[in-house]
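Below is the structure I would like to discuss, written out as structure tokens.
The values are calculated or read from the model by the stated rules, or taken from the named source; none is laboratory data. Everything numeric in this text was worked out from a predicted model, so none of it was measured. In this analysis, Cβ positions are derived from the backbone assuming ideal geometry, glycine residues included, and neighbour counts consider all displayed protein chains. To get the accessible areas, we keep the full protein, side chains included, count just its heavy atoms, and leave off ligands, DNA and RNA. Shrake-Rupley method; radii C 1.70, N 1.55, O 1.52, S 1.80 Å.
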Amino acid sequence: MKEWLLALSPRERNLVVAGTAVIFAVLVYLFWLEPLHQRLASARLEANAQRDLETLVARAAQARTSGSLGEGPRDQRSLLALIDASSREAGVAQAVRRIQPADADSVQVRLDAVPFDRAIAWVVDLDQRPGLAIAELTARKNGPGIADISFRLSRH
């Protein structure tokens, strides 16, 4: 290899060395820097989503303890009809995969591949309605800004 390189003219040697350096730089970027950047961006998104969820849960708990929830007229529709109508209004109806009655006063709702911010805003809206409460909520990341969410809505 060394003999081959020395057999080249100085101009060709410089071209081979420069080309090798460019190829090496591209490989470092593709196999090390870009994946690192993607992992960091994903971790930031996940941390922001977790922080937003914690903030919303804290606000809902604070509103519940301060008594600001439960004021005003109650919605008399069934929970199934309420979920259907409100999910359409919030723009998450296409992600609703299952609405299953859990007992007489609660339903289990599952959303798949839903925009996280939009879904959480909808869940908080439901939780803030008079006579309704979110009893359980789980969210799993399904992509950048996308989640699978499951919650139980109950009347109280």
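Give me the pairs, please: first residue somewhere in the range 84-104 and closer than 16 Å to ALA121 by Cα, second residue anywhere and open to solvent by 30 Å² or more (accessible area, probe 1.4 Å) and small (Gly, Ala, Ser), beta-carbon distance under 7 Å, and either six or more positions apart or on two chains.
SER87/ALA93; ALA90/ALA121; ALA95/ALA113
Then there's this: Applying the selection to the range 142-154, what residues are more than 11 Å from ALA113 (Cβ to Cβ), modelled with pLDDT of 90 or more and open to solvent by 40 Å² or more (accessible area, probe 1.4 Å)?
Selection gives ARG152 alone.
Is the range 23-31 home to any residue that is in a helix (DSSP H, G or I), exposed (fewer than 11 other Cβ atoms within 10 Å of the Cβ) and modelled with pLDDT under 90?
Checking the range 23-31: not a single residue is in a helix (DSSP H, G or I), exposed (fewer than 11 other Cβ atoms within 10 Å of the Cβ) and modelled with pLDDT under 90.
Quick one: in the range 51-80, of everything that is under 26 Å from the mean Cα position of the chain (by Cα) and modelled with pLDDT of 85 or more, which residue is least open to solvent (accessible area, probe 1.4 Å)?
Only one residue tops the list, namely LEU79.
In addition: Residue check: is ASP127 open to solvent by less than 70 Å² (accessible area, probe 1.4 Å), under 28 Å from ALA41 (Cα atoms) and charged (D, E, K, R)?
It is false that ASP127 is open to solvent by less than 70 Å² (accessible area, probe 1.4 Å), under 28 Å from ALA41 (Cα atoms) and charged (D, E, K, R).
For the range 6-21, enumerate the residues that are in a helix (DSSP H, G or I) and either charged (D, E, K, R) or surrounded by fewer than 10 Cβ atoms within 10 Å (Cβ to Cβ) (or both).
Result: LEU6, ALA7, PRO10, ARG11, GLU12, ARG13.
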